[in-house]
Amino acid sequence: MASVAVENFLKEEQEPKGFSFENCRRNAFMAKQGAEMPKARKTGTTICGVIYSDGVVLGADTRATGGSIVCDLNCEKIHYIADNIYCCGAGTAADTEFTSKMISSKMELLKLRTGREGRVVSALRMLKQYLFRYQGYISAALVLGGVDVNGPALYTVYPHGSTDKLPYVTMGSGSLAAMSVFEDGFKMGMNEEEAKNLVFHAIRAGIVNDLGSGSNVDITVIRKGNVEVFRPYQIVCKKSERAGDYTFPIGTTVVTSSTEMVPFSALTVTDEEVMEIS
(Lines give C-alpha, C1' and ligand atoms only; values in the text may rest on other atoms or scores of the structure.)
Protein backbone atom coordinates (compact mmCIF):
# COMPACT_ATOMS: atom_id res chain seq x y z
CA MET A 1 0.00 0.00 0.00
CA ALA A 2 2.85 2.32 0.91
CA SER A 3 4.70 1.55 -2.34
CA VAL A 4 1.60 2.41 -4.39
CA ALA A 5 1.30 5.76 -2.59
CA VAL A 6 4.98 6.51 -3.27
CA GLU A 7 4.58 5.63 -6.97
CA ASN A 8 1.54 7.92 -7.27
CA PHE A 9 3.43 10.73 -5.53
CA LEU A 10 6.42 10.37 -7.88
CA LYS A 11 4.09 10.25 -10.88
CA GLU A 12 2.45 13.53 -9.79
CA GLU A 13 5.87 15.11 -9.29
CA GLN A 14 6.91 14.18 -12.85
CA GLU A 15 3.83 15.71 -14.45
CA PRO A 16 4.57 19.14 -16.00
CA LYS A 17 2.99 22.14 -14.34
CA GLY A 18 1.32 25.04 -16.16
CA PHE A 19 1.05 25.23 -19.95
CA SER A 20 2.31 22.37 -22.15
CA PHE A 21 4.46 23.28 -25.16
CA GLU A 22 4.99 19.72 -26.43
CA ASN A 23 2.94 20.37 -29.59
CA CYS A 24 5.10 23.31 -30.75
CA ARG A 25 7.67 21.02 -32.42
CA ARG A 26 4.87 18.97 -34.01
CA ASN A 27 3.25 22.13 -35.41
CA ALA A 28 6.58 23.32 -36.84
CA PHE A 29 7.08 19.93 -38.54
CA MET A 30 3.56 19.98 -39.99
CA ALA A 31 4.11 23.51 -41.32
CA LYS A 32 7.28 22.35 -43.13
CA GLN A 33 5.29 19.54 -44.74
CA GLY A 34 2.92 22.12 -46.22
CA ALA A 35 0.06 21.87 -43.76
CA GLU A 36 -1.82 25.15 -43.35
CA MET A 37 -1.79 26.09 -39.67
CA PRO A 38 -4.73 27.96 -38.10
CA LYS A 39 -4.10 31.67 -37.70
CA ALA A 40 -4.78 33.61 -34.54
CA ARG A 41 -7.46 36.26 -34.69
CA LYS A 42 -6.15 39.80 -34.76
CA THR A 43 -7.27 41.97 -31.88
CA GLY A 44 -7.82 45.71 -31.84
CA THR A 45 -7.41 48.14 -28.96
CA THR A 46 -6.08 51.58 -28.11
CA ILE A 47 -4.78 52.05 -24.55
CA CYS A 48 -2.52 54.72 -23.15
CA GLY A 49 -1.33 56.51 -20.03
CA VAL A 50 0.38 59.73 -19.04
CA ILE A 51 2.01 61.11 -15.91
CA TYR A 52 1.00 64.59 -14.76
CA SER A 53 2.04 66.73 -11.80
CA ASP A 54 -0.05 64.93 -9.14
CA GLY A 55 -0.69 61.45 -10.51
CA VAL A 56 -1.41 59.24 -13.51
CA VAL A 57 -4.19 59.27 -16.12
CA LEU A 58 -5.02 56.01 -17.92
CA GLY A 59 -7.28 55.78 -20.98
CA ALA A 60 -8.78 53.07 -23.19
CA ASP A 61 -11.40 52.52 -25.86
CA THR A 62 -14.28 50.08 -25.31
CA ARG A 63 -14.53 48.01 -28.52
CA ALA A 64 -13.82 44.27 -28.32
CA THR A 65 -13.30 42.48 -31.62
CA GLY A 66 -12.88 38.92 -32.82
CA GLY A 67 -11.34 39.12 -36.27
CA SER A 68 -13.59 41.39 -38.32
CA ILE A 69 -16.55 41.01 -35.92
CA VAL A 70 -17.31 43.58 -33.20
CA CYS A 71 -18.13 41.39 -30.20
CA ASP A 72 -18.70 44.05 -27.54
CA LEU A 73 -19.34 47.78 -27.81
CA ASN A 74 -18.70 48.58 -24.14
CA CYS A 75 -15.84 46.36 -22.99
CA GLU A 76 -14.03 47.48 -19.83
CA LYS A 77 -10.29 47.52 -20.52
CA ILE A 78 -9.05 49.39 -17.43
CA HIS A 79 -8.64 46.81 -14.66
CA TYR A 80 -8.27 47.17 -10.91
CA ILE A 81 -4.99 45.95 -9.39
CA ALA A 82 -4.96 47.72 -6.02
CA ASP A 83 -6.47 50.84 -4.46
CA ASN A 84 -3.59 52.88 -5.88
CA ILE A 85 -2.75 50.81 -8.99
CA TYR A 86 -4.70 50.15 -12.20
CA CYS A 87 -3.77 48.69 -15.58
CA CYS A 88 -5.09 48.82 -19.15
CA GLY A 89 -5.15 45.61 -21.17
CA ALA A 90 -4.69 44.95 -24.89
CA GLY A 91 -4.69 41.55 -26.57
CA THR A 92 -6.94 38.61 -25.74
CA ALA A 93 -9.69 39.87 -23.45
CA ALA A 94 -9.72 36.74 -21.26
CA ASP A 95 -5.93 36.79 -20.81
CA THR A 96 -5.78 40.46 -19.83
CA GLU A 97 -8.74 40.21 -17.43
CA PHE A 98 -7.68 37.07 -15.57
CA THR A 99 -4.00 38.06 -15.47
CA SER A 100 -5.03 41.36 -13.87
CA LYS A 101 -7.29 39.55 -11.38
CA MET A 102 -4.49 37.18 -10.40
CA ILE A 103 -1.99 40.01 -9.82
CA SER A 104 -4.66 41.95 -7.90
CA SER A 105 -5.12 38.96 -5.59
CA LYS A 106 -1.36 38.69 -5.03
CA MET A 107 -1.09 42.41 -4.29
CA GLU A 108 -3.86 42.13 -1.69
CA LEU A 109 -2.05 39.21 -0.01
CA LEU A 110 1.19 41.22 -0.04
CA LYS A 111 -0.61 44.15 1.58
CA LEU A 112 -2.05 41.92 4.32
CA ARG A 113 1.33 40.33 4.99
CA THR A 114 3.34 43.56 5.13
CA GLY A 115 0.67 45.92 6.45
CA ARG A 116 1.70 48.52 3.86
CA GLU A 117 0.27 49.93 0.67
CA GLY A 118 1.51 48.04 -2.38
CA ARG A 119 4.06 49.62 -4.69
CA VAL A 120 3.74 49.81 -8.46
CA VAL A 121 7.09 48.05 -8.97
CA SER A 122 5.79 45.07 -6.97
CA ALA A 123 2.89 44.59 -9.38
CA LEU A 124 5.29 45.17 -12.30
CA ARG A 125 7.66 42.43 -11.11
CA MET A 126 4.80 39.95 -10.65
CA LEU A 127 3.42 40.70 -14.11
CA LYS A 128 6.71 40.50 -16.00
CA GLN A 129 7.79 37.26 -14.32
CA TYR A 130 4.42 35.63 -14.96
CA LEU A 131 4.31 36.64 -18.65
CA PHE A 132 7.96 35.75 -19.27
CA ARG A 133 7.33 32.26 -17.89
CA TYR A 134 4.88 31.53 -20.72
CA GLN A 135 6.99 33.11 -23.49
CA GLY A 136 4.22 35.22 -25.03
CA TYR A 137 1.55 32.50 -25.13
CA ILE A 138 -0.50 34.66 -22.76
CA SER A 139 -1.64 37.46 -25.05
CA ALA A 140 -1.65 40.32 -22.56
CA ALA A 141 -0.07 43.69 -23.38
CA LEU A 142 -0.56 45.99 -20.40
CA VAL A 143 -0.16 49.63 -19.41
CA LEU A 144 0.44 49.70 -15.65
CA GLY A 145 0.06 52.93 -13.70
CA GLY A 146 -0.25 54.00 -10.10
CA VAL A 147 0.85 56.30 -7.30
CA ASP A 148 2.83 55.05 -4.27
CA VAL A 149 5.41 56.36 -1.78
CA ASN A 150 7.77 57.10 -4.68
CA GLY A 151 5.18 59.19 -6.52
CA PRO A 152 3.42 58.49 -9.85
CA ALA A 153 4.76 55.67 -12.02
CA LEU A 154 3.83 54.41 -15.48
CA TYR A 155 5.01 51.23 -17.25
CA THR A 156 4.29 49.13 -20.32
CA VAL A 157 4.38 45.34 -20.03
CA TYR A 158 4.68 43.31 -23.25
CA PRO A 159 3.36 39.73 -23.64
CA HIS A 160 6.88 38.26 -23.50
CA GLY A 161 7.66 40.04 -20.22
CA SER A 162 9.72 43.04 -21.34
CA THR A 163 8.88 46.40 -19.79
CA ASP A 164 9.39 50.13 -20.33
CA LYS A 165 9.14 53.07 -17.94
CA LEU A 166 8.16 56.34 -19.64
CA PRO A 167 6.20 59.54 -18.86
CA TYR A 168 3.65 58.68 -21.57
CA VAL A 169 2.94 55.33 -23.22
CA THR A 170 0.55 53.75 -25.75
CA MET A 171 -0.20 50.15 -26.73
CA GLY A 172 -2.57 48.26 -29.01
CA SER A 173 -3.39 48.40 -32.71
CA GLY A 174 -4.25 52.11 -32.46
CA SER A 175 -1.09 53.00 -30.55
CA LEU A 176 0.62 54.80 -33.44
CA ALA A 177 -2.22 57.29 -33.82
CA ALA A 178 -2.35 57.81 -30.04
CA MET A 179 1.41 58.27 -29.82
CA SER A 180 1.32 60.97 -32.49
CA VAL A 181 -1.06 62.97 -30.27
CA PHE A 182 1.17 62.44 -27.22
CA GLU A 183 4.33 63.51 -29.02
CA ASP A 184 2.61 66.64 -30.24
CA GLY A 185 0.88 67.69 -27.00
CA PHE A 186 2.83 66.26 -24.05
CA LYS A 187 4.71 68.56 -21.72
CA MET A 188 6.24 68.06 -18.30
CA GLY A 189 4.28 69.30 -15.27
CA MET A 190 0.80 69.19 -16.80
CA ASN A 191 -2.19 69.65 -14.52
CA GLU A 192 -5.00 67.10 -14.28
CA GLU A 193 -7.35 68.69 -16.80
CA GLU A 194 -4.59 69.00 -19.40
CA ALA A 195 -3.64 65.35 -18.87
CA LYS A 196 -7.25 64.14 -19.17
CA ASN A 197 -7.76 66.17 -22.33
CA LEU A 198 -4.53 64.81 -23.86
CA VAL A 199 -5.46 61.20 -23.06
CA PHE A 200 -8.96 61.71 -24.48
CA HIS A 201 -7.62 63.05 -27.78
CA ALA A 202 -5.05 60.23 -27.96
CA ILE A 203 -7.71 57.52 -27.54
CA ARG A 204 -10.00 59.38 -29.94
CA ALA A 205 -7.24 59.38 -32.55
CA GLY A 206 -6.92 55.61 -32.14
CA ILE A 207 -10.67 55.13 -32.49
CA VAL A 208 -10.91 57.27 -35.62
CA ASN A 209 -7.84 55.78 -37.37
CA ASP A 210 -8.02 52.12 -36.29
CA LEU A 211 -10.90 49.79 -37.22
CA GLY A 212 -10.16 47.56 -34.22
CA SER A 213 -10.77 50.43 -31.76
CA GLY A 214 -14.06 52.17 -31.26
CA SER A 215 -17.12 53.11 -29.21
CA ASN A 216 -16.33 55.14 -26.06
CA VAL A 217 -13.36 56.62 -24.23
CA ASP A 218 -12.82 55.41 -20.65
CA ILE A 219 -10.48 57.36 -18.36
CA THR A 220 -9.16 56.59 -14.86
CA VAL A 221 -7.38 59.25 -12.82
CA ILE A 222 -5.08 57.96 -10.06
CA ARG A 223 -4.09 60.47 -7.41
CA LYS A 224 -2.36 60.15 -4.07
CA GLY A 225 -5.07 58.79 -1.76
CA ASN A 226 -7.98 58.46 -4.23
CA VAL A 227 -8.98 57.26 -7.70
CA GLU A 228 -11.65 58.63 -10.02
CA VAL A 229 -13.12 56.51 -12.81
CA PHE A 230 -14.89 58.07 -15.81
CA ARG A 231 -16.85 55.37 -17.67
CA PRO A 232 -17.55 56.62 -20.21
CA TYR A 233 -15.58 59.84 -20.33
CA GLN A 234 -17.04 60.59 -23.74
CA ILE A 235 -18.87 58.67 -26.48
CA VAL A 236 -17.02 58.95 -29.79
CA CYS A 237 -18.89 56.47 -32.01
CA LYS A 238 -22.58 57.03 -31.51
CA LYS A 239 -24.89 54.34 -32.86
CA SER A 240 -26.80 55.67 -35.85
CA GLU A 241 -30.52 55.21 -36.34
CA ARG A 242 -32.03 53.14 -39.11
CA ALA A 243 -32.91 55.09 -42.20
CA GLY A 244 -36.00 53.01 -43.01
CA ASP A 245 -38.69 50.89 -41.40
CA TYR A 246 -37.95 47.17 -41.75
CA THR A 247 -41.12 45.81 -40.10
CA PHE A 248 -43.55 43.97 -42.39
CA PRO A 249 -47.20 43.10 -41.76
CA ILE A 250 -48.24 39.49 -41.15
CA GLY A 251 -49.04 37.78 -44.45
CA THR A 252 -46.41 39.56 -46.53
CA THR A 253 -44.69 36.24 -47.20
CA VAL A 254 -46.90 33.46 -48.61
CA VAL A 255 -46.89 30.22 -46.57
CA THR A 256 -46.44 27.30 -49.02
CA SER A 257 -46.61 24.46 -46.48
CA SER A 258 -46.83 23.93 -42.73
CA THR A 259 -46.21 21.09 -40.30
CA GLU A 260 -48.20 20.65 -37.12
CA MET A 261 -46.05 19.97 -34.08
CA VAL A 262 -47.30 17.11 -31.87
CA PRO A 263 -46.76 17.78 -28.14
CA PHE A 264 -44.77 15.20 -26.19
CA SER A 265 -47.69 14.64 -23.81
CA ALA A 266 -49.84 13.37 -26.67
CA LEU A 267 -47.44 10.49 -27.48
CA THR A 268 -48.36 6.95 -26.37
CA VAL A 269 -45.78 4.32 -25.30
CA THR A 270 -46.45 1.09 -27.29
CA ASP A 271 -43.35 -0.91 -26.36
CA GLU A 272 -40.88 -0.69 -23.49
CA GLU A 273 -37.66 -2.63 -22.81
CA VAL A 274 -35.23 -2.33 -19.87
CA MET A 275 -31.59 -3.11 -20.66
CA GLU A 276 -28.80 -3.70 -18.18
CA ILE A 277 -25.49 -1.88 -18.63
CA SER A 278 -22.53 -4.06 -17.75
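Descriptive notes on the structure:
- For the chain, the Cβ-based charge dipole about the Cα centre amounts to some 1300 debye (Lys, Arg positive; Asp, Glu negative; other atoms uncharged).
- Between the beta carbons of GLU183 and THR247, assuming R0 = 30 Å, the FRET efficiency works out to 0.05 to the nearest 0.05.
- Listed residue pairs exceeding 31 Å between alpha carbons, taken from LYS165/LYS238; LYS106/LYS187; LYS77/LYS165: LYS165/LYS238; LYS106/LYS187
- Over the chain - Rg/Rh using Cα atoms and the Kirkwood inverse-distance radius: 1.17
- At the residue level, ARG119 shows approximately 110 square angstrom of accessible surface with a 1.4 angstrom probe and all protein chains present.
- GLU36-ARG125 pseudo-label distance in nm [points 7 Å out on the Cα-to-Cβ vector]: 4.9 nm
- Listed residues TYR80, TYR168 arranged by accessible area, highest first, probe 1.4 Å: TYR80, TYR168
- Within the full protein context, the accessible area of THR252 is estimated at about 80 Å² for a probe radius of 1.4 Å.
- Förster-model FRET efficiency, 25 Å R0, HIS160 and ASN191, C-beta, rounded to 0.05: 0.10
- GNM result for the chain, Cα springs below 10 Å: residue of PHE98, PHE230, PHE29 fluctuating most strongly: PHE29
- Whether the stretch 104-230 is rounded, prolate or oblate, judged on the alpha carbon gyration tensor where a/c under 1.5 counts as rounded: oblate
- Note on ARG133/LYS239: beta-carbon distance plugged into 1/(1 + (r/R0)^6) with R0 of 45 Å gives a FRET efficiency of 0.60.
- Stretch gain in nm, segment ARG116-VAL254, where the contour uses 0.36 nm per residue and the Cα spacing is subtracted: 42.4 nm
- Here the gap between TYR80 and GLU108, fully extended at 0.36 nm per residue and compared with their Cα-Cα distance, gives a gain of 8.9 nm.
- Net length gained if the chain between LEU73 and PHE21 were fully extended (0.36 nm per residue, minus Cα distance): 15.3 nm
The values are calculated or read from the model by the stated rules, or taken from the named source; none is laboratory data. Predicted model only: the values in this text are computed from it and were never measured. All Cβ positions, glycine included, derive from the backbone under ideal geometry; neighbour counts span all protein chains shown. What goes into the accessible areas is simple: the full protein's heavy atoms, side chains included, and nothing from ligands, DNA or RNA. Shrake-Rupley method; radii C 1.70, N 1.55, O 1.52, S 1.80 Å.
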